[in-house]
Amino acid sequence: MENILITGGAGFIGSHLAERLLSLGHRVICADNFTLGNQENVSFLSGNPNADLIRLDVSDTDAVGDALRAYRIERVYHLAANSDIQKSARDPGIDFRDTFATTYGVLEAMRRNGVKKLFFSSTSAIYGDKNGANVSENTGDLRPVSYYGGAKLASEAFISSYTYMNDMETLIFRFPNVIGPRLTHGVIFDFIRKLKNDPKRLEILGDGQQRKPYLYVLDLVDAIIKYSFRQGPGMEIYNIGVDSSTTVTRIADMVCNRLGLHDVEYQYTGGSGGWKGDVPVFQYDLSKIHSAGWRAEHDSDASVKATLDAIES
């Protein structure tokens, strides 16, 4: 069993990962600045002698180093980042500070303190807009169209160099839209909020035909656990996702049905994308992770349904 630090540990994905790692007997330290994360997400930590929740700005290298030493950390899961792409579209500095600078802070603290094992949560956004073509881990000409994607790609580059220069064991997962219990933003969250304010009309950004794969958070956590402890020296990258996809209009239908709303007027804002930096159609080539023996239990529609059941239960 290991001493593990999860950055963004009180967030949506981080909290689920912490819960699973604790169930396996690891000592888990959740670090969060509580911009998106909250203590309610990690209420299960209370009273657990193998867990701690600390307030930490992980862009602060010295502070991260203090935590690594204090808790004798052996492995880091770096999930801290801005995950609200629309928010950073209005303020690029959010992704510089919360997505890229946090990565540098973690890497440099690990280097100074001899911590070698790293998991990094990357994103489909690094690929940019490939017009719906299946993209693999070896796809070149990476041109992110959002500040978020740019900051994640820059983070991957720094991770690659730190891994080589410091003989680290690094696993990177690139995943698309992740949904499930404790979701705090995104299309499902927005639709529910809008419909509670006005159950007769629903504004839908774009033309509603945006089609993306939605990955259930517990399926993602299963994959993280399955592969992060198999790592050897060097860096390994996997696309993680599902074979299917769901349109925005289909999500609207599912949300309305779940809320018991009928004859809702959909009002589309128009255009192929929901906002500047949105990738309207996206699909992964998952052959590498499938060959390694992993497939998601939920397809895209089932992920949406399970998320709605969790949110409204």
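The values are calculated or read from the model by the stated rules, or taken from the named source; none is laboratory data. Predicted, not measured: the structure shown is a model, and the values here were computed from it. Note: ideal-geometry Cβ built from the backbone for every residue, glycine included; neighbour counts use all protein chains shown. Ligands, DNA and RNA are excluded from the accessible area calculation, which covers all protein heavy atoms including side chains. Shrake-Rupley method; radii C 1.70, N 1.55, O 1.52, S 1.80 Å.
Can you give me the three principal axis dimensions of segment 1-148 from its C-alpha atoms, in Å, biggest first?
Each principal axis gives a Cα extent; for segment 1-148 these are 49, 33, 29 Å.
Using only alpha carbons, build the gyration tensor for segment 174-313 and give me the equivalent ellipsoid semi-axes, biggest first, whole Å.
Each semi-axis is √(5λ); the values are 31, 17, 11 Å.
What ranking do 82-91, 195-204 get when scored by the average of other Cβ atoms within 10 Å per residue, highest first?
82-91, 195-204
Please get the size of the charge dipole for the chain, origin at its Cα centre, with Cβ charges of +1 on Lys and Arg and -1 on Asp and Glu, quoted in debye to the nearest 20.
Here the chain has a charge dipole of around 200 debye.
Cα convex hull of segment 159-210: mean projected area in nm², to one decimal?
Computed as one quarter of the Cα hull surface, the answer is 6.2 nm².
With only Lys, Arg, Asp and Glu charged, each at its Cβ (+1 for the first two, -1 for the last two), find how big the charge dipole of segment 56-180 is about the Cα centre; round to the nearest 20 debye.
For segment 56-180, the charge dipole is close to 180 debye.
Along the three principal axes, how long is the chain when you take its alpha carbons, biggest first, rounded to the nearest angstrom?
Principal-axis extents of the chain (Cα, largest first): 59, 47, 39 Å.
Using Cα springs under 10 Å in a Gaussian network model of the chain, which residue among A157, A296, A81 shows the largest mean-square fluctuation?
Of A157, A296, A81, the Gaussian network model singles out A157 as fluctuating most.
Computed from the mean reciprocal separation of all distinct C-alpha pairs, what Kirkwood hydrodynamic radius does segment 7-92 have, in Å?
13.4 Å
Run the helix sum for the chain: -39,500 (n - 2.57) per DSSP H stretch of 4+ residues, divided by residue count, reported at 222 nm to the nearest 500 deg cm²/dmol.
Result for the chain: -11000 deg cm²/dmol, rounded to the nearest 500.
May I ask you to evaluate 6.51 cos²θ - 1.76 cosθ + 1.60, the Karplus curve with θ = phi - 60°, for each residue of segment 305-310 and list the ³J(HN,Hα) values in order in whole Hz, giving x for glycine and proline?
4, 5, 5, 4, 5, 6
May I ask which of K117/K305; K87/K212; K194/K226; K196/K288 have a Cα-Cα span longer than 30 Å here?
K117/K305; K194/K226; K196/K288
Which one of G114, L218, Q231 has its Cα pushed farthest toward the positive end of the charge dipole of the chain, where Lys and Arg give +1 and Asp and Glu give -1 at the Cβ?
Looking along the dipole axis, the top candidate is G114.
Treating the beta-carbon of each Lys and Arg as +1 and of each Asp and Glu as -1, no other charges, what is the dipole magnitude of segment 1-135 about its Cα centre, to the nearest 20 debye?
I would put it at about 420 debye.
Whenever you get a sec, compute what percent of the accessible area on segment 142-289 sits on carbon and sulfur atoms (1.4 Å probe).
That share works out to 50 percent.
From the C-alpha coordinates alone, can you work out the Kirkwood hydrodynamic radius of segment 100-140, in Å?
Result for segment 100-140, one decimal place: 12.7 Å.
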